[in-house]
């Protein structure tokens, strides 16, 4: 009876270890270390934009080595444009110099260009990605935590 109990315990441990291995593979196999956060900005509400930037700054205070990327698309993309209309331009520049990455949706950029007759200019430190939603999904598949204020 004692021998059967040990066999059952061993089998149980093997199942748990196998499940842990599958979880590790699903989350990127441990490719990322530390804290990895993607923050979405997809609406034109100034308060929401401010909260998103504050979230990024606060995370960086708590975890200075965190990987943080802010992805903007749709009506939220204006936060990444040059120009005096963007009241967040200085804050975005400041945060981008503190290792927070900013990505602007290429699909939205093309839509704005079609509407306005010219491609909008991005702030220094902002990169254009093919599609904002695609970028968010890619980061989540790598194990990033998703935040949408």
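None of the figures in this text is laboratory data; all of them are computed from the coordinates on show. In this text the structure is predicted, and so the values were computed from the model without any measurement. Here Cβ is always computed from backbone atoms with ideal geometry, including for glycine, and neighbour counts include all displayed protein chains.
Numbers at a glance
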read-out	value
Nearest-0.05 FRET efficiency for residue 110 and residue 63, computed from C-beta distance (R0 35 Å)	0.50
Segment residue 84-residue 124, length gained on full extension (0.36 nm per residue, minus Cα span)	13.0 nm
Exposure proxy order (Cβ contacts within 10 Å, fewest to most) of 102, 81	81, 102
For 146, 73, order by how many other beta-carbon atoms lie within 10 Å, fewest first	146, 73
Net length gained if the chain between residue 147 and residue 134 were fully extended (0.36 nm per residue, minus Cα distance)	3.2 nm
